[in-house]
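Colleague: Here it is, the structure, as structure tokens.
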């Protein structure tokens, strides 16, 4: 289908008449899928509170007003948590994090103190949350900055409650919600009333709302500026979560084309079920291993059901985020053992705690000017050998069935790998003395996430048992670009020629020493990159469980020899745009039917 992919600024009056005009708005695809329906525009008062202060005799009333609003907010989140527990672990974890913020005694006490000092309740809430917002917004790490939206959501909800503003989620029945942003709890409530999808003006792809939309299967597009002004209430919309396109007042022809696209998507999903038992090989016989990235033991079971050949990445730090503390070695052992047993006999790769930067920071010095380049990953673990030793022992104990691997994140130097191996040997010796059974030959691999590791891949391939390329961080560090900073967003791209050359360098080093190399970053699941990765020599991809069958179908329809010829052409590319041009050329035959490219 041909349409302009730029953001348009249509005359709002033109759109209000309901004429079929095909105004196309381009945002960021946040959650895949296609929906068509009427718009439900969420519009609230501005949260900026009045500047005047509260009279002394009104202070007690203002404190009571805040207490009532706070109690209602907690009650709403608790109800959302009850719903989330039945939905998914991801949903319940996200809602629980909101509850922790709103119930934080320091925040509640600070707001009450502000009111006691003469601020009205709205002003006290706004000022308190704006302080936290400012601190997070100043963070250099993109994921940490995306948590700003959590504090904004809670602030806006508390102020809405103070002003007796309530939202009827039932009004969103069979509609597409248009909002500045949507809170995770609202998304859960809208799901109960059969809302179709979401369009928001702001939000990061890693925000809790986007994560939840993908987890719950809501098509969503984010980042459309002034969407609430451009899109009128009850306007007919098409939301394409695959491409990030929103079409306002589509013509009958456009509606027909998208209905056909929806129908093909459903047929596509049904066909995927027949792929479970098929071996993943290209049309000319090259085998590709598809693994799953998971956060919890429950997801291991889902990955196996989806037909994975193993677990390529267990993000062990998710356990820390859930608990808010470092678990004991025994607690870790039970968690790893559960995953290993659910996946058995398939292999399971457990990544050591990748803490620091945007992730769990307990135990890290309280201030780092640039946490993304600071004490994170293996640097932190070697800084805190007590924590690292507990984890190593737990992983070793869980390896008794010989299907566990151990992977070290954020490696930059050979010394870090050597120190890690020394600690692993120390833990093995300790367990032997206690007559604990474990895998004496536990494979130990590393994450290639820094340019240093990529450039030294030849040396690392000799020392490590396997390599895994984390393309997200590799691209960010190679291009010296914060991928969430809109000022440099046009520079960040994992398909930049410099990143591709580093990936090829790692593959060649692994091949030289007969070591397996996989890709577990977002590039592994990027449909446009599949042929390129196979052509480079990547024959092991680790992706979200939901992407496994889609990726398998794609691989079953590509030729390894053609993929190699594609890579030969890519070697001559010097810009990202040239790379995309070449990738489009090999995908032209799929353009009509491929819904996720």
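Colleague: Sorting 100, 36, 187 on the 10 Å Cβ count, fewest up front, what's the list? Don't jump to the answer; show the numbers that get you there.
Modeller: On the way: 100 11, 36 19, 187 26.
Least to most surrounded, the residues fall as 100, 36, 187.
Colleague: Which FRET efficiency, nearest 0.05, do residue 568 and residue 130 yield, Cβ-Cβ r, R0 60 Å?
Modeller: It comes out at approximately 0.65.
Colleague: Given R₀ = 22 Å, what would the calculated FRET efficiency be for residue 383 paired with residue 106, taking r from the Cβ atoms and rounding to 0.05?
Modeller: The formula returns an efficiency of 0.20 here.
Colleague: Run the simple label-point estimate for residue 459 and residue 401 please: 7 Å along Cα→C-beta, distance reported in nm.
Modeller: 3.8 nm
Colleague: For 182, 304, which order do you get if you count the other beta carbons within 10 Å of each Cβ and list the fewest first?
Modeller: Least to most surrounded, the residues fall as 304, 182.
Colleague: Same structure, new question: Under a point spin-label approximation (7 Å from Cα along Cα-to-Cβ), what is the residue 253-residue 432 distance to one decimal in nm?
Modeller: Simple spin-label model gives 7.6 nm for this pair.
Colleague: What's the FRET efficiency of residue 578 with residue 173 using the Cβ-Cβ distance as r and R₀ = 56 Å, to the nearest 0.05?
Modeller: Efficiency at R0 = 56 Å is approximately 0.75.
Colleague: Let me ask another. Compute the Cα gyration tensor for segment 493-581, then decide on rounded, prolate or oblate, letting a ≥ b ≥ c be the square roots of its eigenvalues: rounded whenever a/c is under 1.5, prolate when a/b is larger than b/c in the other cases, and oblate in all that remain.
Modeller: Judged from the Cα gyration tensor, segment 493-581 comes out rounded (a/c under 1.5).
Colleague: With each pseudo-label sitting 7 Å past Cα toward Cβ, what's the residue 164-residue 234 distance in nm, one decimal?
Modeller: 2.8 nm
Colleague: Additional query: Could you please rank 481, 193, placing first whichever residue has the fewest other Cβ atoms within 10 Å of its Cβ?
Modeller: 193, 481
Colleague: With no solvent and one point per C-alpha, what does the Debye sum give as log10 I(q)/I(0) for segment 165-312 at q = 0.15 Å⁻¹?
Modeller: Reported log10 I(q)/I(0), two decimals: -0.95.
Just so you know, all these numbers are worked out from the coordinates, no wet-lab data involved. In this text, all values refer to a predicted model and were calculated from it rather than measured experimentally. Every residue, glycine as well, gets a Cβ built from its backbone with ideal geometry; the counts of neighbours run over all protein chains shown.
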